[in-house]
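One structure is given here, and the rest of the page talks about it.
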Amino acid sequence: SSFSNSSLLHLTSKIKATGPISVAEYMREVLTNPVSGYYVRHDMLGTDGDFITSPEISQIFGELLGIWCVSEWMAAGKPRRFQLVELGPGRGSLISDVLRVFSQLRTVLSGTSVSVHLVEISPKLSKVQAHNLTGEQNQVSSDKNATVYRRGTTMSGLPVCWYHRVEDIPEGFSIFLAHEFFDALPIHKFQRTERGWREVMVDIDPEEQDKLCFVLVPAPTLASSVLLQADEKREHVEVCPEGGVTVQRLSNRIAEHGGAALIADYGHDGVKTDTFRGFRGHKLHDVLSAPGTADLTADVDFSYLRRMAGDEVVCFGPITQRQFLRNMGIDVRLQVLLQNCPDDSTRAQLIQGFDMLTNPKQMGERFKFFAMLAHGRLLRPAAGQGTAKKAPAPLPVAGFTELGPLGERS
Ligand code: SAH
């Protein structure tokens, strides 16, 4: 399309002017350039799009995450103000399923002021989200520099705001959700050589002027000197500094104002090497060809995120999606839905969705769950005055603790 050409043209003229660009700059340009960016122009999700995600596959996914949110809010002592935050909400399916659980648990949440905060870079997707969450009850801000660029009221009557950046969300107790968000953030790529670490960059193919290729820069770059670990064992490493900074922001917020974060994505714990991939129409796509027409992604390195979160918060995981969803009671939830479901095709769909999410050959093992919690969350509360009994133990961290059928730790 003319758009993809504009993306390629922009990249080649930039490289001609200033030399090869980092993979991170390439990714940022291709995915989020305000005019030609893949995320800015596309609704890429679903069967007609380039990839499909768990919340689009099954309602159970968002429901279980909704229970996780409420359970962490309860474990924090039910604060009166509760901000539910999602990074990269896609079409808004996950947050809708979470909010349905909130509605079902309204007696538990009564007297609590719940608000919804969405961090979304794409105006196009924010519109889809707004439609799905609010119907027509939302407006775009007329001020181009406003931190809240869209606001509205959800179908269940909660205020919802849209932001470009995590920093712009108001301070206060917050539960953060990020599903398939971190894999879309720009990575740097490094290769070990005989003369030390060198950064992989994107250049114009010397043989074909309208094609791009990877090159190894001859000298160290700023990124290669600051982003690698001294004791790194791998030959090839991908680092996502923007993901690191985002995690730091979340951990600062959680430490200062209370709350928790749940990050789910495909990824590893610091062992994988070359994972940079393109997807178009559900098929692998060469990352350097027709930029802007395919999704670009890299596996999330959870060991890096944990390191960047620091000591301010307690980290859990990564554990596999299969394990997390099982601990959250997906088997029981499936049985309940099947019992209440009269027609065969919906039943088949429910079972197929369950299999996609949990089967190790599908998304069950490639996808991981990782959580950050406030330190106070795991302390035994001080014994109440006048009570001779010991204070109760803190609630187990849902999803990361195996629970028996009656809710006890097994
Ligand atoms: N969480 C959704 C969508 C995943 S796609 C789901 O699971 O279905 C990635 C989402 O992150 C999209 O909504 C995309 O527009 C958004 N996004 C990508 N890069 C972003 C950035 N730098 N800042 C904010 N949002 C971003």
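How many residues does the range 141-199 contain that are assigned to a loop (DSSP other than H, G, I, E, B), under 18 Å from the mean Cα position of the chain (by Cα) and hydrophobic (A, V, I, L, M, F, W, C)? Step through it out loud before you land on a result.
If we filter the range 141-199 for residues that are assigned to a loop (DSSP other than H, G, I, E, B), which is where we start, we get 141-147, 154-158, 164-165, 169-173, 180-181, 185-187, 194-195.
So of that shortlist, the ones also under 18 Å from the mean Cα position of the chain (by Cα) come out as 164-165, 169, 180-181, 185-187.
So of that shortlist, the ones also hydrophobic (A, V, I, L, M, F, W, C) come out as 169, 181, 185, 187.
Count: 4.
Are any residues in the range 221-241 surrounded by fewer than 16 Cβ atoms within 10 Å (Cβ to Cβ) and either farther than 21 Å from Thr297 by Cβ or touching a helix residue (DSSP H, G or I) at 6+ places or on another chain (Cβ under 9 Å) (or both), and if so, which ones?
Passing the criteria: Leu222, Ser225, Val226, Gln229, Ala230, Asp231, Glu232, Lys233, Glu235.
List the residue pairs whose Cβ atoms are under 6 Å apart, where the first residue sits in the range 338-353 and is of a type in the set (Val, Ile, Thr), the second is modelled with pLDDT of 95 or more and not in a helix (DSSP H, G or I), and the two are 6 or more positions apart or on different chains.
none
Considering the range 70-121 alone, what residues qualify as being within 16 Å of the ligand (Cβ to nearest atom), among the hydrophobic types (A, V, I, L, M, F, W, C), in a helix (DSSP H, G or I) and over 24 Å from Thr297 (Cα atoms)?
Across the range 70-121, the qualifying residues are Val98, Leu99.
Search the range 53-68 for residues that are touching a residue at least 12 places away in the same chain (Cβ under 8 Å) and pair each with any residue that is within 9 Å of the ligand (Cβ to nearest atom) and of a type in the set (A, V, I, L, M) when their beta-carbon atoms are under 6 Å apart and the residues are at least 6 apart or on different chains.
If the second residue must be within 9 Å of the ligand (Cβ to nearest atom) and of a type in the set (A, V, I, L, M), the pairs left are Pro55/Leu94; Glu56/Leu45; Gly62/Leu94.
Under 6 Å by Cβ, and 6 or more places apart or on different chains, what pairs join a residue from the range 93-109 that is closer than 20 Å to Lys127 by Cβ with one that is within 15 Å of the ligand (Cβ to nearest atom) and acidic (Asp, Glu)?
Taking only residues 6 or more apart or on different chains, the pairs are Ser93/Glu56; Ile95/Glu86; Asp97/Glu63.
Can you go through Met372, Met328 and tell me which one is within 18 Å of the chain's Cα centre (by Cα), within 29 Å of Pro79 (Cβ to Cβ), crowded, with 18+ Cβ neighbours inside 10 Å and in contact (Cβ under 8 Å) with a residue 60 or more places away in the chain? Spell out the reasoning first.
Numbers: Met328 fails: within 18 Å of the chain's Cα centre (by Cα).
Answer to the selection: Met372.
Please determine, by comparing only the residues of the range 288-311 that are of a type in the set (Gly, Ala, Ser) and part of a loop (DSSP other than H, G, I, E, B), which one is farthest from the ligand (Cβ to nearest atom).
That would be Ser289.
The values are calculated or read from the model by the stated rules, or taken from the named source; none is laboratory data. No experiment lies behind these values; they were computed from the predicted model shown. Here Cβ is always computed from backbone atoms with ideal geometry, including for glycine, and neighbour counts include all displayed protein chains.
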